[in-house]
Structure formats: structure tokens, C-alpha cells
Amino acid sequence: MATGKPMYAVGLDAGSRKTRMAVCALDGGRIRFLGSSVVDSQGWVKGKIADQTAVAQSIETAMREVEEASGVSIESVVVGMGGPTMRGANSRGVIELGHVREIEQRDVNKVVERASRVQLQEDRMVLQLFPHDFVVDDHPGHRDPRKMLASRLEMNVHLLTCSIQEHAALVGAVNQAHLLVEETIFEALGACYAAVLPEERREGIALVDIGAQSTQMVVYSADSMNLASAIRICGDHFTRDLAHGLTLSFEDAEELKLQFGCALSENCTDTSYVELPARDNRDPRQAKRKFVSQVVEARARELFRHFRNELSRVGMDHSLIGGVFLTGAAARMPDLCDIAEQELQCQARFGLPFGIQDWPDEMNDPEWSAVAGLAMYSAKLKSQAERQREVHGWLGKILR
């Protein structure tokens, strides 16, 4: 889009352990990396905001650092939202056109609005709407029904809902950091946007974004979102298991996990030992490295069995031809992909960010995928601004 003013795309991943921000420039139809920042997060408890001001301070610190790194003054961001309050559900919208006539844009708008008008529990809101297909006079499978002749139009969608309170707290924290929110999108969707090609989505894929205090998942088939949800097992569960099993503090268990954590215990020998952190002048202790791995492996298998149950719920447990992509800081644990392949019976790999020019090699890491995708989504919103102005209501929430 031609303009004399430079356009910048900024993604914000306000995680419970780390706050990341990436700024890119829209350069001749391409997205070019300009700078990034990562700072410790404050104000989160179990994946929810407990102190909005502390979260805002973390965001503002990340903003100041990325402004210094990129030389850009940041005004607005696309924000990723995750956590245990995220839930997905299928819905359908139906309208009668009265007589056989050509389907117009206003009809599409109306059926989308009907599909999103569901009875929600208290403190629930629709965050995003993902179209499956349109049904034109009882004929399913249509991607774009405009200009077709029909007397009845239906739409199948997948709705992603979240807590109103949590959404307001996150947006409030961003505003408190003197930033505008362009859009809030599901964090795992952002990671998928950066790490998975459209043709791979059509084959049937899943992405699991494993964070410190929450894990999110998205499942695609035939380029449609079949499932978006949260799993109640995250990186901190691995740490707590080690803390309980070896009588360690949470901090020491986290250090042990990062240094020696391995998800496949069969790769460890019975003769290999690790020295456990010692505090208060106590004598050092040792533990079998195999035991450490067995603790981690048990939780890893539980994670992917939960995920497999979610796949079964939508009939996708044997349909991931494109495999599963692992993102998030906790996904870097050695041999976690092997456990995923064993439990899910499909190929597993890291979901690494691509598609941004000059993206640094040291950030070619699954923990940076979400913020890369959020910046790419921001770029898409800005480059299609003219089109977005013509689209009203829930159509602006549809990922095209």
C-alpha cells in the first residue's frame, strides 16, 4: 500500500515468564526485522494476570528496549492472548434469503453475525471466529458463497472464547504502558502464522505452544481451524514434579530441568548422576539422571495424551498428515518431539519462525515463534487497511 509514512508492524507476547516484543517494517510488500526485546514478566499467577500494573511495567520495559534497538517509536501492537480461560466450540449461523437470489456481502455479514451470536456463560466473550465452510441450499463445502444463487445460507464456524475480565486486564495493561491495541489474537494462532505454511495447514496439522504457565493448541484441516483450546499442563508442571520428587525448591528444580531435563529416559544410563543444587551450607546431593528424565517423561506423556484426547474429540486423532509443531520456551526440552511422535503417531518438529527478512539466527527458536507471528499479523492488518475498512463486524475477526 503506497504511503509516504513508514509502516511498522509490532507483535507483543506478554507471557507469564517472559515478555517479548518484535518490530518490523513493511518494505515493498515484504516484512523486514528491525529489532526485538525480551524482559522478565511480573504480575502473573498460573497464567492469569494478578497485578495489572506490574504486567504494564514489564510491557513498558520491553517497549523501551525495542525502541532503542530499532530506532522506532512504537504506538500500537498486536497482542497475543493465551492462558487457561481460552476455550473453543463449534457454532452455526443460518439465514433465509426469502427467495432464490444472488448472495451478497451483506448476507455473508449477517450469517457471520448469527454464527457468533451464541449463549455464553458469565464472563465469556468471543475472541475470534474461524470459518469452516458455507452451506448454500444444503450444499456444504463452499469457501466464498458471494454471487451464488440460493434461498438459504448457512455457515459453520469455530468460535474461540475467553474471559472478559482477563481480556480487559491484558488490554488495560497494554494501554497502561502507553500503547494502543490493534488486535488481540490467540497466541497459538500467532505461532502458527509464523511457523506453518498454508499448504501444510491443508494437509492437517496441529501446533502446541508450551509456555511456563499455560499451553495452547490449534488444529487445522483443509485450511480450516478445527480446534483451538488450552491444555492444563505447562512447563511449570515439569518443574514442580522435579521439586516434589527430589525435595528441591522451585527455583532449584527449574535450574535442574533446564540443565539436565530430558523427555526420553531410555537415553540415560543407570550410572549417570547429576549433582543437585545445595543451599544453606548443606552437603551436596546427587540423583540418577535417569530418574530426572523419568519424572520429566511421565509429565510429557501426560501432556500429549491430553492433547490426543482433544484431537479425538474432533475426529482428528489420525488425520495429522502434516504432523505436529511444537513452539514455546518449554518445547525446547530434549527429546520432547520423540515423545510427541510416540504418543500421537505422527511426525513432530519444532515450529520455527520464518517469512521475516533479516530475522536474526539467534532468534530462530520456538520461543520466538509467537511474537514473530503477532508481528506478521500486524503487518497483514496494516497492508490490508483499505480492505479492512470495507469489512464490518465479525468479518474483521476472520483469518482469511
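The values are calculated or read from the model by the stated rules, or taken from the named source; none is laboratory data. Please read these numbers as outputs of a predicted model, since none were measured by experiment. Glycine gets a Cβ as well: all are built from the backbone with ideal geometry, and neighbour counts include every protein chain shown. All accessible areas refer to the heavy atoms of the entire protein, side chains included, with ligands and DNA or RNA removed. Shrake-Rupley method; radii C 1.70, N 1.55, O 1.52, S 1.80 Å.
Can you figure out the FRET efficiency of residue 222 with residue 68, using R₀ = 60 Å and their beta-carbon distance, to the nearest 0.05? Kindly include the intermediate steps, with their values, before the conclusion.
Numbers: r = 44 Å, r/R0 = 0.74.
Result of the calculation: an efficiency of 0.85.
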- With R₀ set to 41 angstrom, the calculated FRET efficiency between the beta-carbons of residue 99 and residue 119, to the nearest 0.05, is 0.85
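Which is the longest part of the chain that has none of the GluC sites (Glu not before Pro) sitting in a DSSP loop with at most 16 other Cβ atoms within 10 Å? Intermediate values should be presented prior to the final figure.
Working: sites that count: 75, 104, 122.
After excluding every exposed loop site, the longest remaining stretch is 123-400.
In the neighborhood of residue 268, defined by Cβ-to-Cβ distances under 14 Å, what is the net charge if each Lys or Arg adds +1 and each Asp or Glu adds -1? Please report the intermediate quantities before stating the final value.
Values: positive: 288, 289, 290; negative: 266, 270, 297, 335, 338.
Net charge around residue 268: -2.
Trypsin sites (Lys or Arg not before Pro), restricted to region 49-130: which are DSSP loop and have at most 16 other Cβ atoms within 10 Å? Before the final figure, lay out each step's value.
Numbers: sites: 64, 87, 92, 101, 106, 110, 114, 117, 124; in loops: 117.
For trypsin sites (Lys or Arg not before Pro) across region 49-130 that sit outside H, G, I, E and B with at most 16 neighbouring Cβ atoms in 10 Å, the list reads 117.
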- Task: Starting from the Cα-Cα distance between residue 40 and residue 272, subtract it from 0.36 nm times their residue separation and give me the gain in nm to one decimal.
- Result: 80.2 nm
- Item | Segment residue 51-residue 165, length gained on full extension (0.36 nm per residue, minus Cα span) | 39.8 nm
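Name the trypsin sites (Lys or Arg not before Pro) in region 167-233 that are in a loop by DSSP and that have at most 15 other C-beta atoms within 10 Å, would you?
Those that pass, being in a loop and sparsely packed, are 232.
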- Sorted by chain and number, the residues with a modelled amide H under 5 Å from that of residue 90, at a separation of 5 or more or across chains, are 159
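For residue 378, what is the net charge nearby, where nearby means another residue's Cβ is under 10 Å from its Cβ and Lys, Arg count +1, Asp, Glu -1? Numbers along the way, then the final one.
On the way: positive: 380, 382; negative: 182, 183.
Residues near residue 378 contribute 0 overall.
Using helices alone, what [θ] at 222 nm do you get for the chain, with -39,500 (n - 2.57) per DSSP H run of 4 or more residues, divided over all residues and rounded to the nearest 500? Write down the numbers at each step before the final one.
Working: 11 runs with 137 residues, N = 400.
Helix-only estimate at 222 nm: -10500 deg cm²/dmol.
Probe of 1.4 angstrom, ligands and nucleic acids ignored: what's the accessible area per residue over the chain, in square angstrom?
Result: 46 Å² per residue.
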- Message: Sequence gap of 8 or more, or different chains, plus Cα separation below 24 Å: how many lysine pairs satisfy both in the chain?
- Response: 15
- Charge tally in the Cβ shell below 12 Å around residue 62, where Lys, Arg are +1 and Asp, Glu are -1, residue 62 excluded: -3
- Item | Whole-Hz couplings from phi, Karplus 6.51/-1.76/1.60, listed for region 132-137; x for Gly and Pro | 8, 6, 9, 10, 9, 6
- Residue-ordered couplings for region 39-44, obtained by feeding phi - 60° into the Karplus form 6.51 cos²θ - 1.76 cosθ + 1.60 and rounding to whole Hz (Gly and Pro as x), are 9, 5, 8, 10, x, 10
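Arrange the peptides 312-319, 188-195, 131-138 so that the one whose residues have, on average, the most other Cβ atoms within 10 Å appears first.
Working: 312-319: 14.2, 188-195: 29.2, 131-138: 17.9.
Ranked from most to least packed, the peptides come out as 188-195, 131-138, 312-319.
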- Message: Please report the carbon-and-sulfur percent of the accessible area for region 169-286; probe 1.4 Å, protein heavy atoms only, DNA, RNA and ligands left out.
- Response: 45 percent
- Please compute the Cα-Cα pair-distance distribution of the chain with 20 Å bins starting at 0, giving whole percents from short to long. 26, 55, 17, 2, 0
- Query: For region 38-195, taking Cα atoms only, what is the radius of gyration to one decimal and the Dmax to the nearest whole Å?
  - Reply: 19.9, 61
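Using a 1.4 angstrom probe with every protein chain in place, what is the largest-first accessible-area order of 290, 380?
Greatest to least solvent exposure: 290, 380.
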- Item | In order through region 138-147: 3J(HN,Hα) via Karplus (6.51 cos²θ - 1.76 cosθ + 1.60), integer Hz, x for Gly, Pro | 6, 10, x, x, 8, 8, 9, x, 4, 6
- Message: Keeping all protein chains in the complex and leaving out DNA, RNA and ligands, what accessible area do you get for residue 311 with a 1.4 Å probe, in Å² to the nearest 10?
- Response: 0 Å²
- For residue 211, enumerate residues with amide H under 5 Å from its amide H, sequence gap 5+ or separate chain, H modeled in the peptide plane. 216, 235
